[in-house]
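Enquirer: Sharing a structure here in structure tokens format.
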Amino acid sequence: MTETPTPEALPLPPVKVSGAAHKALADLMRRWSGWPAASLILGDPSPVSLYGKTDPVTREFTVNVDALSRNPNRVLSTVNPFRLRQEAILTGVMLHEAAHARYTLWRPRSQAERDALRLNDQPVSDQTLALASLLEEARIEHCMRDAECDGDESLRGLTWTMPVAAAGLLPLSEVSMDPDQQAMDVLRVWILRVGRRLPSDLHKGWALTITRLLEQAVDRIAPGKTNEVLRLVRSAINSRRHHSTGGVLHAAQEILKILYPNSENPEDTSNAPMPSGGCATGEAGEGEAGEGEAGEAGEAGEGEAGEGEAGEEAGATSSTPERALSAALAKAEAEANDEAEAEAMTSGGSSAGVGNEGADGDGWRKPSSEERQTQKQAEHFLRSLIEPSELATVSLSDSPSATVDPAALASWKAGGQVKPPTFFRQTRRAVEPSPPVKIAILVDVSGSMDVLQEPSAVLSWALSAAALDLRNFAGRGRQVESCLIHWGSLARVIQKNGETLPGIHETNCLEGTRAMHEAFDLVEGEMPGFFAPGDHPENRLIVQFTDWGLALRCAEAMRPRLAQARTLGVNMLTIAPEPYRFDRRIYDDVVTSVEHPLGREHVTYYDGKPNHVWTEAANM
């Protein structure tokens, strides 16, 4: 019996692209890629991919418009910002291909280059190259988003289309029954799903589920190595060394050495399963689709048991057969797709959220009048810190000055003016610039910190906006550096140093408490020298929104970091919830036990008034 094809299965007519639209798309690809002589071919890029490919030798892009356009009329006559948002699947793939042209400069372009490829003077296995290509799928989109943040007008407001393209093109994944291949399969899903998402998305339940499933799969073949594997993945995705083979290839090789060690030759990774899913594989549905956006990849996912529904679900699958892992993974991927498609619906038809990564459609909101008043108070706080100091030096002089001692002057005149006139006082005033100000705001997003999400979001936005205003209008904001970092099971940068936030965003608290030490490391990355001794004085302040209910390993990792910070004069202000939710035991053990500190520490409990935080910070 032959089944009647459903309407969805019927072949669609080809898209009619006008000459003007083709020319406009080609111009966009040249601008986005940085290849002034590039050409765009509208056709089927098989066998490399079903959707698109980039040829760095001929500098040609091939994009399958028939497979990518979701326009029901199957006509593309004009190209403008509105149509680029409407054609989110097509735009996302084009941006992904342009990102390859910009940033994939390490991959061998011929068999001769492949044969000559070396890492630490050793041949590179096919498995290492395949995993590096898979990591590149996320890395290039992180770079693309950063280019928009740096003011690349040709990308303005369109990078959100990359995860939308992923939702429309990536099929749900099956995982192997073999434990070795299973770990590789889940790692592939993590890179293509979680690793490509924005930091503001990574706290979602589906991301936590995928990360916990990865931990489960890795623990079967390399117990206790999940954190190390994720650290290497994040390092590769965040790599900016475009011309070096070291960043991505090195991380890929180290991951394979951890998961599939070779006792005879540790540098040989040819015994590992073959990764799949990168552009170079040309597998259906996993090729050139631009899945996901930038972020501090490696968002959360190792939370404590009982924190959110995702954690319960992952815990339930830990003792079930392997097929349950595939089902849980498919459910998490479906949730990720639903969120990306919802973003397309909210952002595709209007300009709302364009330019700030889906700001009004992704939880960002505009500040109220009261919150803007908080910004003004934050600006007043920063002005008081960078106000130049005026010193007055009083000395005696042989020549009269505007200020003299009247009694001494009268005595001198009465004595016939024969004594040495050493009683004239001279006051010299000197204005000295204040030390630079560096402020790091660290926000705990574990399951117990919902009560502090609103004040931390408001104060973080106020601080970044105040610093921007000082730079733009007062001309003295260069003395102010600040950053915002969220941490829970993992840490990620929300506001980079020198940037501002598009609005106020409250994060769902679903994570564990394992990554405060990673947040400290990110602070040093954003503001180099924050935890180092300096030749010149600096005002360095860490504002922690946390209850200090740390996991044991995190507390151990924090002890040396805080000892170094406090002995070098870094001040730390903790904004805690109610006293009964503050873990004084861990705080005393990690913070107040530091011997001979130069930096001060203080704990205050949030009383519902954000302005009081600035008062406490000023006192510090």
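The values are calculated or read from the model by the stated rules, or taken from the named source; none is laboratory data. Computed from a predicted model, the values in this text were never measured in an experiment. Note: ideal-geometry Cβ built from the backbone for every residue, glycine included; neighbour counts use all protein chains shown. Areas reflect the complete protein model, heavy atoms only, side chains present, ligands, DNA and RNA absent. Shrake-Rupley method; radii C 1.70, N 1.55, O 1.52, S 1.80 Å.
Enquirer: Gly151 is checked against (1) open to solvent by less than 10 Å² (accessible area, probe 1.4 Å); (2) in a loop (DSSP other than H, G, I, E, B) and fails just one. What number does that condition carry?
Expert: Of everything listed in (1) open to solvent by less than 10 Å² (accessible area, probe 1.4 Å); (2) in a loop (DSSP other than H, G, I, E, B), Gly151 misses just condition (1).
Enquirer: Taking Leu158 as the residue in question, decide whether it is open to solvent by less than 20 Å² (accessible area, probe 1.4 Å), within 21 Å of Ile191 (Cα to Cα), in contact (Cβ under 8 Å) with a residue 40 or more places away in the chain and touching a Lys or Arg at 6+ places or on another chain (Cβ under 8 Å).
Expert: For Leu158, the condition - open to solvent by less than 20 Å² (accessible area, probe 1.4 Å), within 21 Å of Ile191 (Cα to Cα), in contact (Cβ under 8 Å) with a residue 40 or more places away in the chain and touching a Lys or Arg at 6+ places or on another chain (Cβ under 8 Å) - is not met.
Every residue, every condition in (1) more than 20 Å from Leu463 (Cα to Cα); (2) assigned to a helix (DSSP H, G or I); (3) open to solvent by 10 Å² or more (accessible area, probe 1.4 Å), yes or no:
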| site | (1), (2), (3) |
| --- | --- |
| Ile542 | no, no, no |
| Trp548 | yes, no, no |
| Pro560 | yes, yes, yes |
| Ala565 | yes, yes, no |
| Tyr580 | yes, yes, yes |
| Asp589 | yes, yes, yes |
| Gly599 | yes, no, no |
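Enquirer: Okay, next question. Can Pro533 be described as surrounded by fewer than 21 Cβ atoms within 10 Å (Cβ to Cβ) and part of a loop (DSSP other than H, G, I, E, B)? Don't jump to the end; show me each part of the working.
Expert: Values: surrounded by fewer than 21 Cβ atoms within 10 Å (Cβ to Cβ): yes; part of a loop (DSSP other than H, G, I, E, B): yes.
Criteria met by Pro533.
Enquirer: Here is a further query. Could you count how many residues in the stretch 557-589 are closer than 16 Å to Val543 by Cα and of a type in the set (A, V, I, L, M)? Can you show your working first?
Expert: In the first step, residues of the stretch 557-589 are kept if they are closer than 16 Å to Val543 by Cα; the result is 558, 561-562, 565-566, 569-577, 582, 587.
The next check asks that each one be of a type in the set (A, V, I, L, M); those that pass are 558, 562, 565, 570, 572-573, 575-576.
Adding up the residues that qualify gives 8.
Enquirer: While we're here: Sort out which residues of the stretch 174-191 are of a type outside the set (Gly, Ala, Ser) and open to solvent by less than 10 Å² (accessible area, probe 1.4 Å), and write them in order of number.
Expert: At the first step, the residues of the stretch 174-191 found to be of a type outside the set (Gly, Ala, Ser) are 174-175, 177-182, 184-191.
Answer for the stretch 174-191, where residues must be of a type outside the set (Gly, Ala, Ser) and open to solvent by less than 10 Å² (accessible area, probe 1.4 Å): Gln182, Met184, Val186, Leu187, Val189, Trp190, Ile191.
Enquirer: Can Trp106 be described as more than 28 Å from Ala328 (Cα to Cα) and either in contact (Cβ under 8 Å) with a residue 60 or more places away in the chain or open to solvent by less than 10 Å² (accessible area, probe 1.4 Å) (or both)?
Expert: yes
Enquirer: Against the condition assigned to a strand (DSSP E or B) and of a type outside the set (A, V, I, L, M, F, W, C), how does His612 come out, does it pass?
Expert: No; evaluated as a whole, the condition is false for this residue.
Enquirer: In addition: Applying the selection to the stretch 232-256, what residues are open to solvent by 40 Å² or more (accessible area, probe 1.4 Å) and either modelled with pLDDT of 85 or more or within 12 Å of Thr104 (Cβ to Cβ) (or both)?
Expert: The answer is His242, His243, Thr245, His250, Glu254.
Enquirer: One residue is enough: does the stretch 56-73 have a residue meeting the conditions assigned to a helix (DSSP H, G or I), out of contact with any His (no Cβ under 7 Å at 6 or more places or on another chain) and crowded, with 20+ Cβ neighbours inside 10 Å?
Expert: From the stretch 56-73, those assigned to a helix (DSSP H, G or I) are 65-68; that's our starting set.
Narrowing the set further to residues that are out of contact with any His (no Cβ under 7 Å at 6 or more places or on another chain) leaves 65-68.
If we keep only those that are crowded, with 20+ Cβ neighbours inside 10 Å as well, we get 65, 68.
The answer is yes, given that some residue of the stretch 56-73 is assigned to a helix (DSSP H, G or I), out of contact with any His (no Cβ under 7 Å at 6 or more places or on another chain) and crowded, with 20+ Cβ neighbours inside 10 Å.
Enquirer: Going by what's in this entry, would Glu296 be described as surrounded by 24 or more Cβ atoms within 10 Å (Cβ to Cβ), at pLDDT below 85, in contact with a Pro (Cβ under 8 Å, 6 or more places away or on another chain) and part of a loop (DSSP other than H, G, I, E, B)?
Expert: Against the criterion (surrounded by 24 or more Cβ atoms within 10 Å (Cβ to Cβ), at pLDDT below 85, in contact with a Pro (Cβ under 8 Å, 6 or more places away or on another chain) and part of a loop (DSSP other than H, G, I, E, B)), Glu296 does not qualify.
Enquirer: A further question follows. Output the residues belonging to the stretch 315-335 that are at pLDDT 80 or above and either open to solvent by less than 40 Å² (accessible area, probe 1.4 Å) or within 24 Å of the chain's Cα centre (by Cα) (or both).
Expert: The answer is Leu325, Ser326, Ala328, Leu329, Ala330, Ala332, Glu333, Ala334, Glu335.
Enquirer: Considering every residue within the stretch 276-286, establish whether at least one is open to solvent by 10 Å² or more (accessible area, probe 1.4 Å) and at pLDDT 50 or above. So that I can check it myself, show each step before the final result.
Expert: Step one: list which residues in the stretch 276-286 are open to solvent by 10 Å² or more (accessible area, probe 1.4 Å), which gives 276, 280-284, 286.
Keeping just the survivors that are at pLDDT 50 or above gives 276.
Yes, because at least one residue in the stretch 276-286 is open to solvent by 10 Å² or more (accessible area, probe 1.4 Å) and at pLDDT 50 or above.
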